[in-house]
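Participant: Right, I'll just put the structure down here and ask away after.
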Amino acid sequence: MSLDLKKISIGDLIVKHPFVKDFFENQLVPYQGYETKTIYEFFSVIDYEVIEENAINEDLFISGLIDYIDLMNSYFVKEKETEIKITIYPGYYKDGTMEKFEKLEFHKGEVISIVGPTGSGKSRLLADIEWAANMDTPTKRKVLINGRALEPHERFSASNKLVAQLSQNMNFVMDLSVIEFLDLHATSRMVEDKDVIIEKIFIKANELAGEVFSKDTPITELSGGQSRALMIADTAILSSSPIILIDEIENAGIDRKKALDLLVKEDKIVLMSTHDPILALMGDRRIVINNGGIEKIIEVTKEERSILSELEELDKKLMSYRNKLRYGKILKYEEEL
Amino acid sequence: MDMITFSGPPSSGKTSIIMKTIESFIRREIKVGVVKFDCLFTDDDLFYQKLNIPVRKGLSGSLCPDHYFVSNIEEVLDWGKEQNLDILITESAGLCNRCSPYINDVKAVCVIDNLSGINTPKKIGPMLKSADIVVVTKGDIVSQAEREVFTMKIESVNPKATILHVNGLNGQGAYELSTIVYDDKHHIDSLEGKKLRYPMPAAVCSYCLGETRIGKKHQMGNIRKIDLGEKL
């Protein structure tokens, strides 16, 4: 590292790496008023009581500061990898027999549904992908990213996280408005042209949601559909993870087809674990899991595609009944939809 | 025998995470035992017993649970060796954010949950700052964005730690945790001469010694006054 903490003043350091300010603040190190000093000079003049009060350890702080600068810089470098390919080599079923496929490849922009009874091993498959298993998980599967096994430090680094998750049970918990929330996320991701991206997410989220929401709505007050819409738009556009793992998307209050289209357009690999026939058929392929192993990989057939269209018609009808009842109408046979 | 200390705020999911990790150890035929430290009461030992592993609990009663931890840790280590364990896990009470019962050379895991609020990493202090591994729980019920923001906050407090997201309910991530906390070549045979990573909070005032009366004349020892600004 070219940075010499013995020479650079705290003020210059902050100008050079603005994120360092967060580090000082989150570590409760009161640097204000000492901007012209180096970090070593700061520790030599600062009142010992302040150090003790704020539970600061000088050595840990300085070595942590160097690590933090490296870590944050690594985020800048690695933005948007151009190509991403995931390859899975077979492992074993719960009973010890080997899985029957030769290898399985996923590319960006692909939607793969995962079906199978509860407890069949869907979560294990997703975890194998998430951790880039290297024959060291219970299934003994091997997962390659762009054709190579990841190094241990890559597998466990928070910044390299391969998988972003979206599930039915997820809620917003922060006391923030939609705009404050997007701003916080964009800031933490250190994106350039933050305002453009925030606007884009906001517009997309509203397109996906059945009911429109404003920028000032507290995120905890959004309806189920609106929350899901905001989560999907935000994850699609702002999350760095190349793989999005979806555990069901409820039918109400969100346009599921548009949601998947958005994720595909943002070059994500979408893995969708579901029991819903419409979602299962929306994928390009579906993986069938049983007894802990991958049993089959099925390409959606022509016939299935036409069945999907029928199901979507039924779904539309159901939704229109739902809306009519909501607005006080009375349902009738043979009515135009 | 290797040793790990688990720490973290109350209700962050320490026990669930340890249980899931132990299940992975058992499947890999690694012999594991647990000592749970708490203050007034704990039922956690009964949970651990269900896994048929050696368990002990230590209640600190009127003492600070982390001070109690340090004063007993050597005996606990000896107990673990007598039980012929491959790995000994200690779980702290996690009561005060200022404390951290971590020992140099003994792997330190801090468990913290996504629901605890965005400023929690900043509040926790040495318990988070000096941990080797940070386990983040309850990620299945908050949004991806909040998980990412929370992780960034942890990194800004402890950029050295390995951060892992583990689900305490279904165990997703626990297997991976079990592989990085246990090293069969790392042995802790004695704690003599080893040091805490960070000094524990100072105490010893009259209230530490059982004083109950309120008022200046009853306050002795290590006393500090709140700053409420100038008198009008």
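Participant: Within the bounds of the range A:183-203, is there any residue that is open to solvent by less than 40 Å² (accessible area, probe 1.4 Å), assigned to a strand (DSSP E or B) and either in contact (Cβ under 8 Å) with a residue 12 or more places away in the chain or of a type outside the set (Ser, Thr, Tyr) (or both)? Write out each step before concluding.
Facilitator: So the first thing to find is which residues in the range A:183-203 are open to solvent by less than 40 Å² (accessible area, probe 1.4 Å), and the list is A:185-186, A:188-189, A:191, A:197-198, A:201-202.
Narrowing further to those that are assigned to a strand (DSSP E or B): none.
Within the range A:183-203, none of the residues are open to solvent by less than 40 Å² (accessible area, probe 1.4 Å), assigned to a strand (DSSP E or B) and either in contact (Cβ under 8 Å) with a residue 12 or more places away in the chain or of a type outside the set (Ser, Thr, Tyr) (or both).
Participant: Same structure again: Identify, please: which residue in the range A:220-241 is more than 12 Å from chain B (Cβ to nearest Cβ) and surrounded by fewer than 22 Cβ atoms within 10 Å (Cβ to Cβ) and is, among those, nearest to A:Asn171 (Cα to Cα)?
Facilitator: Of the residues in the range A:220-241, the ones more than 12 Å from chain B (Cβ to nearest Cβ) are A:221, A:223-226.
Then keep just the ones that are surrounded by fewer than 22 Cβ atoms within 10 Å (Cβ to Cβ); that gives A:221, A:223-225.
Values: A:Glu221: 10, A:Ser223: 10, A:Gly224: 9, A:Gly225: 11 Å.
Selected residue: A:Gly224.
Participant: Hand me the list of helices (runs of 4 or more DSSP H) wholly inside the range A:5-52 holding 1 or more residues that are within 12 Å of A:Tyr68 (Cβ to Cβ).
Facilitator: Answer list for the range A:5-52: A:10-16, A:20-26.
Participant: Keeping to the range A:23-60, report how many residues are within 14 Å of another protein chain (Cβ to nearest Cβ) and closer than 16 Å to A:Ile8 by Cα.
Facilitator: So the answer is 1.
Participant: While we're looking at this one, here's another question. If you check A:Gly121 against the conditions, is it in contact with a helix residue (DSSP H, G or I) (Cβ under 7 Å, 6 or more places away or on another chain), at pLDDT 85 or above and within 22 Å of A:Asp284 (Cα to Cα)? I'd like the intermediate steps shown before the answer.
Facilitator: On the way: in contact with a helix residue (DSSP H, G or I) (Cβ under 7 Å, 6 or more places away or on another chain): no; at pLDDT 85 or above: yes; within 22 Å of A:Asp284 (Cα to Cα): yes.
Against the criterion (in contact with a helix residue (DSSP H, G or I) (Cβ under 7 Å, 6 or more places away or on another chain), at pLDDT 85 or above and within 22 Å of A:Asp284 (Cα to Cα)), A:Gly121 does not qualify.
Participant: Now for a different question. May I ask you to verify whether B:Ser206 is in contact with a helix residue (DSSP H, G or I) (Cβ under 8 Å, 6 or more places away or on another chain), over 26 Å from B:Asp113 (Cβ atoms) and open to solvent by 50 Å² or more (accessible area, probe 1.4 Å)? Show your work before the answer.
Facilitator: Numbers: in contact with a helix residue (DSSP H, G or I) (Cβ under 8 Å, 6 or more places away or on another chain): yes; over 26 Å from B:Asp113 (Cβ atoms): yes; open to solvent by 50 Å² or more (accessible area, probe 1.4 Å): no.
Criteria not met by B:Ser206.
Participant: Quick check on A:Asn146: is it open to solvent by 60 Å² or more (accessible area, probe 1.4 Å) and either under 21 Å from the mean Cα position of the chain (by Cα) or at pLDDT 85 or above (or both)? First the steps, then the outcome.
Facilitator: Numbers: open to solvent by 60 Å² or more (accessible area, probe 1.4 Å): yes; either under 21 Å from the mean Cα position of the chain (by Cα) or at pLDDT 85 or above (or both): yes.
Taking the combined requirement at face value, the residue satisfies it.
Participant: Taking the residues in the range A:149-173 that are open to solvent by 60 Å² or more (accessible area, probe 1.4 Å) and in a helix (DSSP H, G or I) as candidates, determine which candidate is nearest to A:Ser240 (Cα to Cα).
Facilitator: Among residues in the range A:149-173 that are open to solvent by 60 Å² or more (accessible area, probe 1.4 Å) and in a helix (DSSP H, G or I), the one nearest to A:Ser240 (Cα to Cα) is A:His153.
Participant: Would a scan of the range A:273-291 turn up a residue that is among the charged types (D, E, K, R), more than 30 Å from A:Thr97 (Cα to Cα) and out of contact with any Gly (no Cβ under 8 Å at 6 or more places or on another chain)? Quick ask: steps written out before the conclusion?
Facilitator: Keep residues of the range A:273-291 that are among the charged types (D, E, K, R), which gives A:276, A:284-286.
If we keep only those that are more than 30 Å from A:Thr97 (Cα to Cα) too, we end up with none.
No: zero hits.
One line per residue, one yes/no per condition, for (1) part of a helix (DSSP H, G or I); (2) touching a residue at least 24 places away in the same chain (Cβ under 8 Å); (3) open to solvent by 90 Å² or more (accessible area, probe 1.4 Å):
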position: A:Asp261; (1), (2), (3): yes, no, no
position: A:Leu281; (1), (2), (3): yes, yes, no
position: A:Arg286; (1), (2), (3): no, yes, no
position: A:Glu312; (1), (2), (3): yes, yes, no
position: A:Leu325; (1), (2), (3): yes, no, yes
position: A:Gly328; (1), (2), (3): no, no, no
position: A:Leu331; (1), (2), (3): no, no, no
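The values are calculated or read from the model by the stated rules, or taken from the named source; none is laboratory data. Quick caveat: nothing in here was measured; it's all calculated off a predicted structure. For neighbour counting, all protein chains shown are included, and Cβ atoms are generated from backbone atoms with ideal geometry for every residue, glycine included. Keep in mind that these areas ignore ligands, DNA and RNA; they rest on the heavy atoms of the full protein, side chains included. Shrake-Rupley method; radii C 1.70, N 1.55, O 1.52, S 1.80 Å.
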